[in-house]
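Here the structure comes first, spelled out in structure tokens, and everything after it is commentary.
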């Protein structure tokens, strides 16, 4: 996926929108910060999530970290391949390492997310 086609949440998740469906994953910055990912607790299908709340957890050799939902809605699909190969998130965080697809409740929430330029500035500020 082209990083410029994505929207970004301040908790280092990204969204790729297609109609009412939002594919979610963690950013390259997040996977680099975590280090080698060894496990992901995938969200439950049909679970509802609220924007800004935890939708799953990722464990790395360094830490356990929450994956924050960037939009609200219902989980309609998860990336089952990650159960056996969580390291795919390290290799392709914005591609094959996607985590879940959410059917969005409110597309207006996307307006609160950042584009790539804003996200890069945000990371720069955060790391000072």
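Among the residues of region 78-113, write down those that are touching a strand residue (DSSP E or B) at 6+ places or on another chain (Cβ under 7 Å) and closer than 15 Å to residue 9 by Cβ.
93, 94, 98, 99, 100, 102, 104, 110, 113
Which of the residues spanning region 51-65 are surrounded by 14 or more Cβ atoms within 10 Å (Cβ to Cβ) and within 25 Å of residue 114 (Cα to Cα)?
If the condition is that a residue be surrounded by 14 or more Cβ atoms within 10 Å (Cβ to Cβ) and within 25 Å of residue 114 (Cα to Cα), then 51, 52, 54, 55, 56, 57, 58, 65 are the ones that fit.
Residue 73 versus (1) within 27 Å of residue 124 (Cα to Cα); (2) buried (at least 21 other Cβ atoms within 10 Å of the Cβ); (3) touching a residue at least 40 places away in the same chain (Cβ under 8 Å): which is the lone unmet condition?
The one condition residue 73 does not meet is (1).
What number goes with the only condition from (1) within 14 Å of residue 114 (Cα to Cα); (2) in contact with a strand residue (DSSP E or B) (Cβ under 9 Å, 6 or more places away or on another chain) that residue 4 does not pass?
(2)
Throughout, read-outs are computed from the coordinates displayed, never taken from laboratory work. Just so you know, these numbers come straight off a predicted model, no measurement behind them. Every residue, glycine among them, receives a Cβ derived from its backbone with ideal geometry; neighbour counts consider all protein chains shown.
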